[in-house]
Amino acid sequence: MRVVHVNTSESQGGAARAASRIHKGLLDIGIDSHMLVQSKESDDFTVTGPSTRMQKAAALARPFLDQLPKLFYKNSTKAQFSAAWVPWSGIANRINALKPDIVHLHWIGEGMMRIEEIAQIKSPIVWTLHDSWAFTGGCHVRFDCKKYFEGCEACPVLGSERKSDLSSRVFKRKEKAYAKIGHLRITAPSNWLSSSAAESKLLGNRVVTTIPIPLETSSFSPIDKKLAKKLLNLPEDKRIILFGAKNALGDHNKGFSLLIDSLGKIETQDVELLVIGSSKPASPPDVSIKTHYLGTVHDNITLRIIYSAADVSVIPSYQEAFGQAATESMSCATPVVAFGTTGLLDIVDHKITGYLAEPYSTTDLAKGIDWVLSNSDYETLCRSARKKAIHAFDVSVVIEAYLDTYRKILNSDS
């Protein structure tokens, strides 16, 4: 069986890490797996990215070109929106040339491929959703909007009040392209995202399966907290609260402002905040406790040390398709505090592996942080978090679920 994965980046962002983990998990069990990306960061010969100078220049330009249509909307928000209009990627031809048995699409934003190119893929497609984009008129995080039920228009992300706006046109392009795809199965990493896809107009007629994002629990394993703090030059006598995300301070969806508010309400003393995914800005936000900024971290060894150094990980996101930071933290035996909503409901077991706060109450989020840090049975919390990560999210468990999906779509094709 030959599988070709398609994702915008090889390693940057949660979707890239997820796609790479699935790709490598398949290679480990002898599957002929290959990955096509717009941005390649390693020398892995099983991953193909732009090779010529012109291709590399085009790859750099595509994310900017993809955003051009949004610029015509003066009242648009900062939330990500992709019209997937940029031509001449040639990605469908490159996929077809590899003659795969399965094409596994992941996150294909930032101009990697036009919507219409998806219908040009000749092999059966499995599409793993990493956000809501596949079934909306262009937004990646839909917040409370439910227009995807019937058809997008007057898009709140665009700040538009017009029915025939960009979101409406993108939605109709998707309808036309998807109708041409014969064999397509959708997987989503959480029950919340699966339900959203299944009730959408664009994907409601497709088979949707929930398969979590795999995790190398052997790589993300706990090390002694004092040693981890020492390695990061963090004070060993302080309780460390961890917050991490790509563009941690700039992405509204990640909820840093909610965290700041909650930190002003916690009662636990001798605590400090550790932020990964953003460097310290020139004008740092006003946080009530001492804050350390570690910038962007990609390698698993450093991430393992960071998760192990933390006494609690806080994920105050408005929406998470899954929540890889939560599974990585739990695998390193660090409990998680999050809002009890979206994909995190599948990961955090309330008062067993962490705490699920009332959405989006900063008072209850603070209560959850205090509950974890002052818990008399903290070690049991840590062991339970590690146990859940191994049994529910280990790569050996998840890869088998993907193989089952591949077999089903191939059998239906035959």
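Values in this text are rule-based calculations from the coordinates and carry no lab data. Fair warning: this is a prediction, and the values are worked out from it, not measured in the lab. Cβ coordinates were reconstructed from backbone atoms using ideal geometry, including for glycine residues, and neighbour counts include every protein chain displayed.
Considering only alpha-carbon pairs that sit under 8 angstrom and 6 or more positions apart, the relative contact order computed for the chain is 14 percent. Structure note, pairs K40/K367; K24/K122; K246/K351: Cα-Cα distances above 31 angstrom occur for K40/K367. Think of the chain as a dipole: +1 on every Lys or Arg Cβ, -1 on every Asp or Glu Cβ, centred on the Cα centre; then among F135, G244, A228, F135 lies furthest on the positive end. All alpha carbon pair distances within the range 212-278 were sorted into 10 Å bins beginning at 0; the resulting P(r) in whole percents reads 16, 37, 38, 8.
With the convex hull drawn over the C-alpha atoms of the chain, the volume per residue is 140 Å³.
In whole angstrom, how far apart do the alpha carbon centroids of the range 1-65 and the range 103-159 sit? What the calculation gives is 19 Å, centre to centre. Normalised by the number of residues in the range 329-384, the mean separation of alpha-carbon contacts (under 8 Å, six or more apart) gives a relative contact order of 36 percent. Evaluated with a Cβ-only charge set (Lys, Arg +1; Asp, Glu -1), the chain carries a dipole of roughly 1260 debye about its Cα centre, given to the nearest 20. The slack in the chain from K408 to T209, taken as 0.36 nm per residue of separation less the alpha-carbon distance, amounts to 70.5 nm. Full extension of the chain between N300 and R94 yields a length gain of 71.1 nm, computed as 0.36 nm times the residue separation minus the alpha carbon distance.
Stokes-Einstein, applied to the Kirkwood radius of the range 225-393 over Cα pairs at a viscosity of 1.306 mPa s and 10 °C, places its translational diffusion at 102 µm² s⁻¹. As a rough footprinting exposure proxy, the listed residues H130, H140 were ranked by other beta carbons within 10 Å of their own, and the order from fewest upward is H140, H130.
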